Amino acid sequence: MFAHHSYSDEEEEQSTGEIDIEPKADQAARLGRTVAHDYIIRGVAVGVVAVVVLVSIVNAQSFIEGVGALRTFVTQYCSWWIVTLALASLVLCGYLAFSKYGKIRLGGADAKPAFSYFSWFAMLFATGQGVGLVFWAVAEPIMMYGSTPFGAQDSLFAGDMGLAWTYFHWAVPAWAIYAIVSLFMAYARYNMHKDTTFRGTVEDLFSPRVKKPVGIVVEILVVVATIFGLTTSLGLASYQFNTGIQEIFHVQTPQALQIAFVVLFGCVATMSVWFGVVRGIKNISDFNAILSVVFVSAVFVFGPTLYILGVLPESVCVFLDQFLLMSGFTEAVNLGGGIASYADSWETWWSFFIFCWCFAFATFTAGFVSTISRGRTLREFMGGVVLVPAIACIVWTAVVGGTGVWAAMADPSIVEATNADSSMGLFLTIESLGAVAPVLTVVATVLIGGYIVTSVDSGVMALSNFISPAAHQSRTFKVVLALCITALAVTFMVCAGQDFLSTIQFATVAGGVPFSVVVVLMGVQFFKWVRHDEQLVARGEAEPFAEGSFEQQQLDRWHREHEEREKRKLWEHRTEVDDAEEAAAAGE
């Protein structure tokens, strides 16, 4: 990840969240990685983006029509798959947390966490969902106020249902998706001693003859999914940031300025990734977390406090009551009969789109979360990655989204305006708070900017990590990745015009659906490994891998080379001490 010789173990752990106990060259040799494969993945992934941008430039109208047709197809035929997989991810998280596997520690029985709980939670939240939650925590409850696909029998709960659906989309199942993909990556990386790649989590399922080609294809899919997922985040968040600027300065910004914001945040994120986790993402994440607390506290104090206190338990109970229906709702009647356009489907705008976004986001979230989570048990990991952020999402939505619902009850035009432009939901809600509104508008706009940077920043860092297990990481390639994300966001903005918000959502769908298949393969491989986990074997709770099996040979080789490195390190340390003592004696 970084040049090994330039960091002590302590310095490297503080900078990256882990101790790189195996030199990159040794790891590449052990796993059979080659520089040629890395450059194939880089070239094809960037080529896909270049083709999309080129096609859109040559014929923007045909490009938009093609996007619409493809989105209609995947909505009709893949909605059931994505919604079902989201529920399966949550069930699996619960099973792993409460079964014997929950005692397994990432990195080995003696591994220790590198970050405090506060920094760990702050980075998880900022990286996993900060951008999406700021955008949708207010817009979704307002847009769903009185117009959910099904609801509680009494209209009294119309506002609660809007909040409940937001909890469903952005809290529990969403974080379960992040958690399960991140766990598969972390376990492969720290317990099976694979590299930071997605091919490393699936390739052992295949025969030696095809495992390398399959691994390359998987990695290309992951890189493209990550780029497209980050494109959606960058585009939507930049659009909302632009709305904040308009509200602050009471001006209508031209499209050129909107594009400039996209480019600006792409460049800032690229610069930030050069500083490493602690100096870059960690510091910005901590700042975002503190500013988020300030913002939500101010909304609670200056907003409808009594209503918020009441709607939190009320909407949570509605959510719990309706959870199974939400989890299984796939719009079977409408989609089963066929739709003429994706716009005719409720799933297009909500569960299918949002969970596709989660899967696309999970590609880079997995690499980043695994980096900062070494030393956590699987039970601790599930609690930290699923439960804590989910609670934070629910509280945030109840306070900010609940204030939006309260404002919409008093002024129905807010619902109409938010349906016309979802980026207005947050700022119309803030406007309803009276004298404090101008200050909170500035705070919210700064917060959006901070979350944009951390999302793209951590995405570029994760991409450059798992795309280069053999080749040296290149700052130039990080710039290329950021340019790809920025170019796609600008392309969608220019080509789609007024339909930008709906069109850019397709980037997430294009990334999330293919990657969901990779996730299933990762799960199959994970359970083939974890049934023979070394920590469980040591406690007599599992059987080891069969003697002579490929997995056992890989582990034996890693342990043997690790012991040799430790002996060499100890010998070098003793030599340094002896030399220092001799020099001191000579000086006397």
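The values are calculated or read from the model by the stated rules, or taken from the named source; none is laboratory data. Note that this is a predicted model, so its numbers are computed, not measured. Positions of Cβ are generated from backbone atoms using ideal geometry, with glycine treated the same way; all protein chains shown enter the neighbour counts. Note: areas computed on protein heavy atoms with side chains; ligands, DNA, RNA excluded. Shrake-Rupley method; radii C 1.70, N 1.55, O 1.52, S 1.80 Å.
Of the chymotrypsin sites (Phe, Trp or Tyr not before Pro) found in segment 342-421, not one falls in a DSSP loop while having at most 14 other beta-carbon atoms within 10 Å. The C-alpha atoms of the chain define a longest principal axis, and helix 305-328 lies at about 70 degrees to it. Above 41 Å lies some portion of the pair distances; for the chain, what is it as a whole percent of all C-alpha pairs? So the portion of pairs separated by more than 41 Å is 23 percent.
Just need the Rg to Rh number for segment 347-503, please, alpha carbons only, Kirkwood Rh.
Values: Rg = 19.1 Å, Rh = 18.8 Å.
Looking at segment 347-503, the ratio lands at 1.02.
Note that the chain presents 39 Å² accessible area per residue, ligands and nucleic acids not counted, probe 1.4 Å.
Shape index of segment 226-351: Rg/Rh, with Rg the Cα radius of gyration and Rh the Kirkwood radius from the inverse mean 1/r over Cα pairs, equals 1.06. For segment 496-588, the alpha-carbon coordinates run over 80, 46, 22 Å along the three principal axes, in decreasing order.
With everything on Cα atoms, drop me the angle between helix 351-372 and the longest principal axis of the chain, reported from 0 to 90° to the nearest 10. Roughly 30 degrees between the two axes. Considering every alpha-carbon pair of segment 434-567, the percent of pairs per 5 Å bin, from zero through the bin containing the longest distance, is 2, 7, 8, 11, 13, 13, 11, 10, 8, 7, 5, 3, 1, 0, 0. Computing Rg and the Kirkwood Rh from the Cα coordinates of segment 15-113 gives a ratio, Rg/Rh, of 1.14.
Partner aspartates and glutamates whose Cα lies under 17 Å from the Cα of LYS211, excluding those fewer than 8 positions away in the same chain, are identified as ASP38, ASP195, GLU203, GLU219, GLU551.
Roughly speaking, to the nearest percent, how much of segment 348-497's 1.4 Å accessible area is carbon and sulfur? Here it works out to 69 percent.
Taking Cα pairs under 8 Å and at least six residues apart, what relative contact order does segment 57-194 come out at, in percent? Answer for segment 57-194 is 34 percent. Overall, the accessible surface of segment 37-180 at a probe of 1.4 angstrom is composed of carbon and sulfur to the extent of 68 percent.
Gyration tensor over the Cα atoms of segment 542-588: the corresponding equivalent ellipsoid has semi-axes (square roots of 5 times the eigenvalues, largest first) of 42, 8, 4 Å.
The angle separating the long axis of helix 500-530 from the principal Cα axis of greatest extent in the chain is about 40 degrees.
Percent of Cα pairs in segment 314-434 per distance bin of 10 Å, from zero to the largest separation: 10, 25, 36, 23, 6, 0. In the complete set of protein chains, residue-level accessible area for ILE64 is approximately 40 Å², probe 1.4 angstrom.
By the compact-protein rule of thumb, 2.2 N^0.38 Å, the alpha-carbon radius of gyration of segment 100-247 corresponds to a ratio of 1.38.
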